[in-house]
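Undergrad: Just passing along the structure, written as structure tokens.
The values are calculated or read from the model by the stated rules, or taken from the named source; none is laboratory data. Not measured: the values here are computed from a predicted model. Glycine gets a Cβ as well: all are built from the backbone with ideal geometry, and neighbour counts include every protein chain shown. To get the accessible areas, we keep the full protein, side chains included, count just its heavy atoms, and leave off ligands, DNA and RNA. Shrake-Rupley method; radii C 1.70, N 1.55, O 1.52, S 1.80 Å.
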Amino acid sequence: MRYHNSGLSVIPIKPSSKVPIISGWEKFSTTQSTKAELERWWKDIPNANIGIALGPANSKDGRYLFVVDQDV
């Protein structure tokens, strides 16, 4: 909820993975997930990891969340 309250579009992902669990997760790149969705997802999938759907849904004041993923 802390990420959601910070304005980020949170989605559940498979444990030890970067793969979204929910179908249609792409819509959360443009529309922020709701508190009710988050509560339902983590009630149904309590061991899910936290993912952030990147895109305009995470824009603040014209600035975007920028992520670099480097696997070594």
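Undergrad: Taking interchain pairs and intrachain pairs at least six residues apart, which have beta carbon atoms under 7 angstrom, with the first residue in the range 30-44 and closer than 19 Å to Ser59 by Cβ and the second of a type outside the set (Ser, Thr, Tyr) and outside any helix (DSSP H, G or I)?
TA: Thr30/Gly55; Ser33/Val10; Ser33/Ile11
Undergrad: Still on this structure: Just to be sure I understand the filter: pairs with C-beta atoms under 8 Å, separated by 6 or more residues or on different chains, first member in the range 47-72 and farther than 16 Å from Ser17 by Cα and among the small types (Gly, Ala, Ser), second member open to solvent by 50 Å² or more (accessible area, probe 1.4 Å) and modelled with pLDDT of 85 or more. Which pairs pass?
TA: If the second residue must be open to solvent by 50 Å² or more (accessible area, probe 1.4 Å) and modelled with pLDDT of 85 or more, the pairs left are Gly55/Thr30; Ala57/Thr30; Ala57/Thr31; Ala57/Gln32.
Undergrad: If you don't mind, there's one more thing I want to ask. Quick one: Lys43 ticks every box in (1) open to solvent by 80 Å² or more (accessible area, probe 1.4 Å); (2) modelled with pLDDT under 95 except a single one, so which number is it?
TA: That leaves (2) as the condition not met.
Undergrad: Given (1) free of Cβ contacts under 8 Å to residues at least 24 places away in the same chain; (2) on the phi > 0 side of the Ramachandran plot, where does Gly7 come up short, assuming only one miss?
TA: Against the list (1) free of Cβ contacts under 8 Å to residues at least 24 places away in the same chain; (2) on the phi > 0 side of the Ramachandran plot, Gly7 comes up short only on (1).
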